[in-house]
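Below you'll find the structure, written out as structure tokens, and then a few comments.
The values are calculated or read from the model by the stated rules, or taken from the named source; none is laboratory data. Values in this document were obtained by computation on a predicted structure and should not be read as measured data. Positions of Cβ are backbone-derived with ideal geometry, glycine not excepted, and every protein chain shown enters the neighbour counts.
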């Protein structure tokens, strides 16, 4: 597989074509269908067998020294964690992505509003490129808003992850020139972050519309932008920095 390319294909087909021990970092967000949207056991069985298949492929293609981040719904995180362990991944951290800007959509009279999602961090024990000065970027709780259409990064995919969150994880857990894989590329957030940070990427996206949107977004992203990486600034802060850089 060529690097710095998004492939419009099923990830299982694509992963099977990748060489053993060829990827430094995997960061992804697989599709998830809440059980409220289906009531038949056949799909449930298929879904977990399918998850195991692509995880087995990831295990094969990561290098001996690697990092692997995978975001998953908190509703069934216990099942996904069990699957990760079955495949042979060691979970080093459980990152909590905390957001507040969609809590009303999950608020019910019978439960508290949901404001978080888990990101499992698996690795071989490879060192993380933390900044020398201790700060809250070392913490496993990341506060960052869900992307909206009025944000600078826009919103292409309904489950799009924040660019600045992805940037921080990629910067801390890879080096320039490393190969980063996202088997569920969606709106292209991983590819955009890699282009800005000088990492090589490989991505797969089955849906044609998202694939084309990701390509467009990537083409509009300059390499090595001078926007600060790693701090979760407000949208107002980001706009100010961008305007300053354009002077």
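Taken over region 1-17, residues that are in contact (Cβ under 8 Å) with a residue 60 or more places away in the chain, assigned to a loop (DSSP other than H, G, I, E, B) and over 16 Å from residue 215 (Cβ atoms) amount to 2. When residue 66 is tested against (1) over 17 Å from the mean Cα position of the chain (by Cα); (2) modelled with pLDDT of 95 or more, exactly one condition is not met: (1).
Condition first: touching a residue at least 12 places away in the same chain (Cβ under 8 Å) and more than 23 Å from residue 120 (Cα to Cα). Can you find one or more residues in region 179-187 that meet it? Within region 179-187, not a single residue is touching a residue at least 12 places away in the same chain (Cβ under 8 Å) and more than 23 Å from residue 120 (Cα to Cα). Return the residues of region 47-78 that are under 22 Å from residue 112 (Cβ atoms) and free of Cβ contacts under 8 Å to residues at least 60 places away in the same chain; say none if nothing qualifies. Within region 47-78, 72, 73, 74, 75, 76, 77, 78 meet the criteria. Region 156-247 holds helices (runs of 4 or more DSSP H) entirely within its bounds, and those carrying 3 or more residues that are within 29 Å of residue 141 (Cβ to Cβ), within 14 Å of the chain's Cα centre (by Cα) and modelled with pLDDT of 70 or more map to 163-172, 189-197.
Just one of (1) buried (at least 20 other Cβ atoms within 10 Å of the Cβ); (2) closer than 27 Å to residue 141 by Cα; (3) modelled with pLDDT of 95 or more; (4) touching a helix residue (DSSP H, G or I) at 6+ places or on another chain (Cβ under 7 Å) fails for residue 83. It is (1).
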